[in-house]
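Working notes, structure below.
The values are calculated or read from the model by the stated rules, or taken from the named source; none is laboratory data. Just so it is clear, the structure is predicted and the values come from calculations on it, not from any experiment. Every residue, glycine among them, receives a Cβ derived from its backbone with ideal geometry; neighbour counts consider all protein chains shown. Remember, those area values only see protein heavy atoms, side chains included, never the ligands or the DNA or RNA. Shrake-Rupley method; radii C 1.70, N 1.55, O 1.52, S 1.80 Å.
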Amino acid sequence: MRATWDIFCNVIDNYGDIGITWRLARGLVREHGLAVRLWVDDLHAFQRIWPAIAVDADQQTCEGVRVCAWRMPFPATEPGQVVIEAFGCALPESYLTAMSVQSPPPVWINLEYLSAEPWVAEHHGLPSPHPCLPLTKYFFFPGYTPDTGGLLAEAELAERRRAFLRDSMPAFWRGLGLEAPQADELRVSLFAYENPALSALLDAWAADTRPIRCLVPEGRVIPQLAAWLSVAGLQAGDTHRRGALQLHILPFLDQDAYDHLLWACDLNFVRGEDSCVRAQAAARPLVWQAYPQAGRAHWDKLDALLSRYVGGLPREAAQAVDDLWRCWNGLPDAPPMGSCWGAWRARQGTIEAHARGWAVHLGTVGRLTDKLVDFAENKLK
Ligand code: TRH
């Protein structure tokens with residue numbers, strides 16, 4: 001009998017919660033043959049990243065995953081053998097009660113946010129007994145070292161990327177209505193939150209000595225782009241030139257097509273969690289915008305990833321990456337954007353080679369799906 005897993009996803013904002021749980025659910029089904037139910041409280045957000053999702057269906061099967069609308073009152077449900085509560089979303093009371101009378105009780109795991117900070121390894125796997133029910137919840141921390149929960153990446157990801165680069169690039173660009181890149185062109189994807197550093201970055205790109213084509217899936221950054229261009233609005237299909245910069249607005253892509261965009265571009269601006277991991281696995285340079293948190297906790301996350309990421313780079317290239325990421329994230333000690341961009345451009349070749357090596361290094365950290373399955377199987381024994 002296939003083990004049964006329930007994953008609960010409460011969409012708070014943006015696409016990270018659903019993006020990560022959907023990728024996880026697909027991976028558990030495809031790579032581990034598990035029977036997975038994914039409970040989601042916002043099917044509209046889900047449909048944005050996966051258009052095959054029907055927003056009004058109570059239950060549907062997609063990519064082998066049983067997708068269930070998480071609505072209240074919660075229907076009477078026999079819990080899975082493994083229950084994943086994503087990012088501390090509280091499970092429905094009736095479901096918790098059903099878990100507590102199950103024998104043996106389900107393995108209950110809280111999947112945490114990814115961080116490169118050193119404390120993650122110490123907290124990974126820690127138990128937390130429920131205050132009154134006979135249940136224990138375990139904290140599972142993804143991370144960048146083998147002693148954490150690892151990273152969410154498919155076993156065949158690198159192979160799929162290589163096949164795409166070999167066979168599918170021209171068709172991919174045509175599908176987006178774009179020509180193949182010119183020889184000296186830099187093709188950049190931009191996925192970002194509202195960002196005070198954006199206009200200085202666009203100014204630097206417009207003043208570049210070589211052509212830059214920036215591809216922007218529709219989203220939160222569009223109003224700022226429109227303001228910089230002095231146009232009333234922007235929508236998918238729009239394109240504008242300013243100096244060396246050609247801007248294209250793309251439709252929001254499905255999750256797999258977004259991977260293709262990351263693989264096809266020379267440089268990717270990404271944000272949050274999932275797109276950041278995907279951009280690292282794309283073996284291309286990236287610039288990360290951390291999800292803004294109260295008390296500027298995200299600056300610690302940024303520094304932690306930066307110090308791991310630039311570790312293997314020669315000093316000047318490391319400084320260029322460090323400065324550009326810090327400037328993009330609004331750190332007060334960062335140099336102005338114009339000089340950050342110039343320094344990054346001057347070290348571009350070294351940074352590109354480093355990105356290829358880093359993607360290989362990520363493969364040694366361990367994969368989140370494998371580690372979750374090992375963890376749960378050990379507890380089920
Ligand atoms: O959308 P995000 O900003 O999500 C964030 C983070 O996860 C953050 O940690 C969390 O606290 C917050 O949400 C609530 O960025 P992220 O994590 O990169 O998720 C975006 C998802 O959207 C990812 O799975 C990729 C996907 N995506 C597409 O499918 N198509 C697209 O065109 C784009 C740009 C993204």
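Once the Cα-Cα distance is subtracted from the 0.36 nm per residue extended length, the residue 220 to residue 139 segment shows a gain of 26.0 nm. Pairs of alpha carbons in the range 273-381 separated by more than 18 Å make up 54% of all such pairs. For the range 26-79, the list of trypsin sites (Lys or Arg not before Pro) that fall in a loop by DSSP and count at most 13 other C-beta atoms within 10 angstrom reads 71. Dimensions of the range 121-268 based on its C-alpha atoms, expressed as ranges along the principal axes with the largest first, amount to 63, 37, 25 Å. All alpha carbon pair distances within the range 211-351 were sorted into 5 Å bins beginning at 0; the resulting P(r) in whole percents reads 2, 9, 17, 21, 21, 18, 10, 3, 0. Once both labels are positioned 7 Å from their Cα atoms along Cα-to-Cβ, the gap between residue 227 and residue 163 label points is 4.4 nm.
In this structure residue 53 has an accessible area near 0 Å², from a 1.4 Å probe over the protein heavy atoms. The range 33-70 and the range 354-381 have their alpha-carbon centroids 25 Å apart.
Of the residues 306, 79, 120, the one whose Cα sits farthest towards the positive end of the charge dipole of the chain is 306 (charges of +1 on Lys and Arg Cβ, -1 on Asp and Glu Cβ, taken about the Cα centre). Between the Cα long axis of helix 368-380 and the first principal axis of the chain there is an angle of about 10°, rounded to the nearest 10.
Taking 0.36 nm per residue of separation and subtracting the Cα-Cα distance, full extension of the segment from residue 346 to residue 193 would add 52.4 nm. The 1.4 Å probe gives accessible areas that order 303, 6, largest first, as 303, 6.
Based on DSSP H runs of at least 4 residues, each adding -39500 (n - 2.57), what is the mean residue ellipticity at 222 nm of the chain after dividing by all its residues, to the nearest 500 deg cm²/dmol? Calculated mean residue ellipticity at 222 nm is -12000 deg cm²/dmol. Rounded, prolate or oblate: which one fits the range 178-224, using the alpha carbon gyration tensor with axes a ≥ b ≥ c (rounded when a/c is under 1.5, else prolate when a/b beats b/c, else oblate)? Since a/c reaches 1.5 but b/c is at least a/b, the shape of the range 178-224 is classed as oblate. Rolling a 1.4 angstrom probe over the protein heavy atoms with all chains in place gives the chain an accessible area of 42 Å² per residue.
Sequence-distant contacts, meaning Cα pairs under 8 Å at least 6 residues apart, place the relative contact order of the range 174-251 at 32 percent.
Both the radius of gyration and Dmax for the range 28-108 are 13.3, 38 Å, in that order, over alpha-carbon atoms.
Of the residues 169, 72, the one with the largest accessible area comes first in the ranking 72, 169, computed with a 1.4 Å probe on protein heavy atoms. Counting only Cα atoms, the size of the range 43-178 along its three principal axes is 59, 42, 22 Å, in decreasing order. Listed by chain and number, the lysines whose alpha-carbon sits under 20 Å from that of residue 137, ignoring those within fewer than 8 places in the same chain, are 371, 379, 381.
Rolled with a 1.4 Å probe across the full set of protein chains, the surface gives residue 63 an accessible area near 100 Å².
The modelled label-to-label distance for the pair residue 60/residue 299, using points 7 Å beyond Cα in the direction of Cβ, is 4.4 nm. Where both bridge residues fall in the chain, DSSP classifies roughly 20% of the beta bridges as antiparallel. Considering only alpha-carbon pairs that sit under 8 angstrom and 6 or more positions apart, the relative contact order computed for the chain is 14 percent. Rolling a 1.4 angstrom probe over the chain with all protein chains present gives an accessible area of which 54% lies on carbon and sulfur atoms.
Dividing the mean sequence gap of close Cα pairs (under 8 Å, 6+ apart) by how many residues the range 201-355 holds gives a relative contact order of 18 percent. Across all Cα pairs in the range 1-65, the calculated P(r) in 5 Å bins from zero up to the longest distance comes to 4, 19, 31, 27, 14, 5, 1, 0 percent per bin. I need the fraction of alpha carbon pairs in the range 188-253 separated by more than 15 Å, rounded to a whole percent. Result for the distance tail: 46 percent. Here the label points at residue 254 and residue 316, each 7 Å from Cα along the C-beta direction, are separated by 4.6 nm in the simple model. Simple point charges give the picture: +1 on the Cβ of Lys and Arg, -1 on the Cβ of Asp and Glu, and for the chain a dipole about the Cα centre of about 600 debye. Spread over its residues, the convex hull of the C-alpha atoms of the chain is 148 Å³ per residue.
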